[in-house]
Amino acid sequence: MSHRIVPCPQCGAPSEYSPANVYRPFCSLRCRTQDLAGWAEERYRITGSETAVDGLSDDTTPPY
Ligand SMILES: [Zn+2]
């Protein structure tokens, strides 16, 4: 069995990339949660603004 050490994408600490590390490639649950939370927040913001722009342009077209 071979395992390798990868830098945690969240904090940069060395983490073991192997089935033993259930949070791989993160070093801990905390880093994994923070990364996922950041992703979700960013995605939600992008999706929300796109929806808002779409609704606005659709709303502005008819009067003209
Ligand atoms: Zn970490």
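Could you check how many residues of segment 14-38 are surrounded by 12 or more Cβ atoms within 10 Å (Cβ to Cβ) and in a loop (DSSP other than H, G, I, E, B)?
Summing the residues that are surrounded by 12 or more Cβ atoms within 10 Å (Cβ to Cβ) and in a loop (DSSP other than H, G, I, E, B) in segment 14-38 gives 8.
Go through the residues of segment 1-10 one by one and say whether even a single one is in a helix (DSSP H, G or I), at pLDDT 80 or above and open to solvent by less than 50 Å² (accessible area, probe 1.4 Å).
No, segment 1-10 contains no residue that is in a helix (DSSP H, G or I), at pLDDT 80 or above and open to solvent by less than 50 Å² (accessible area, probe 1.4 Å).
The values are calculated or read from the model by the stated rules, or taken from the named source; none is laboratory data. As the structure is a computational prediction, the values presented were derived from the model and not from experiment. Cβ atoms come from the backbone with ideal geometry, glycine included; neighbour counts cover every protein chain shown. Protein only, heavy atoms only, side chains kept; ligands, DNA and RNA dropped before computing areas. Shrake-Rupley method; radii C 1.70, N 1.55, O 1.52, S 1.80 Å.
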